[in-house]
Amino acid sequence: MSLSEEADHADLGGAGALRVVEVDDERSPEAAQALDLIESAFRREDRQPMDEMRSAIAEKRLGLTAADEFHLLVLTAPDRPIAGAAVGVFLASVNAGFITYLAVRAEHRGQGYARVLRGRLIELFREDARRTGRDEVSWVIGEVRSDNPWLKGLIRRRGAIPFDLTYYHPGMRPGRGDPPFTLYRQPIGDRRVELPVDLIRQTLYALYRRGYRIRHPLQHEAFDTMLRELEGRETVGAAPGFDGPGG
């Protein structure tokens, strides 16, 4: 999910320059500010409980995480509130990075800060892939409102591919009239336009189980609805209606 449109450049230089910092202590002021920003930026239905995210930071600090690596990044400068925050999880089972949240404070939008945070997350996903014995991360996945113009820009500039699938994140309920979301992937090591449906199922499971920490995805109505939509299909390609390399 993303609130901030990427810009073509970002100036982080100069006196008191902003820096991208990975936060690994849930007790730190930076963690508190990041969680507050995410909590205010996203509807409750569109995000995890803050206690779950705080726990994910603590698990990393204590060395309890395994291959599915959690990352919280902030844009910060000395004696100033953070300008933005990004959260992502490396899904080792499908060799993909999942960008879960990306938010920039209103007064800092339009300066390319979202692009900087997103770019650093991708670098960390690539490091995670190498740490688990891969040459490269296969793709980066994310979810945005289907009418977000940022998505079309990502398709044009980065070759992102929106999945041809009616997507529901865990806070959505089929038939409730929630605003539609699109799940997309940005190819990095795996540039196939179509993927086997078994890999899509595995990706959705990893996203729910590891990314969103849903204990029993198979018992979740939205997850089950997506699996049923995939029945009888062999591959999943790009959703129609999007301009660019993926659609």
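Dividing the helix sum by the residues of the chain, where each DSSP H run of 4 or more adds -39500 (n - 2.57), gives a mean residue ellipticity at 222 nm of -9500 deg cm²/dmol.
Distant-in-sequence amide contacts of PHE98, defined by a placed amide H-H separation under 5 Å and a gap of 5 or more residues or a different chain, comprise VAL89, PHE90, LEU91, ILE141. Between GLY177, GLY119, GLY97, the Gaussian network model of the chain with springs among Cα atoms under 10 angstrom shows the greatest mean-square fluctuation at GLY177. Under a model in which nothing but the beta-carbon of Lys, Arg (+1) and Asp, Glu (-1) is charged, the chain shows a dipole of about 100 debye around its Cα centre.
Residue by residue, region 68-84 carries 3J(HN,Hα) couplings of 7, 8, 9, 9, 10, 10, 10, 9, 9, 9, x, 6, 9, x, 4, 8, x Hz when phi is fed to the Karplus relation 6.51 cos²θ - 1.76 cosθ + 1.60 (θ = phi - 60°); x denotes Gly or Pro.
In debye, nearest 20, what is the charge dipole magnitude of region 149-247 about its Cα centre with +1 on Lys and Arg Cβ and -1 on Asp and Glu Cβ, if you could check?
Details: 16 positive and 11 negative charges, 100 e Å.
With only Lys, Arg, Asp and Glu charged at Cβ, the dipole is about 480 debye.
Relative contact order of the chain: 20 percent, from C-alpha pairs under 8 Å at least 6 residues apart in sequence. For region 28-69, the C-alpha radius of gyration divided by 2.2 N^0.38 Å, with N the number of residues, is 1.25.
Compute the whole-percent fraction of alpha carbon pairs in region 19-236 spaced more than 28 Å apart.
26
A short reminder: the numbers here are calculations on the coordinates, not readings from a lab. Just so we're clear, the structure is a prediction, and the values are computed from it rather than from any experiment. With ideal geometry, Cβ positions are generated from the backbone for all residues, glycine too; neighbour counts draw on all protein chains shown.
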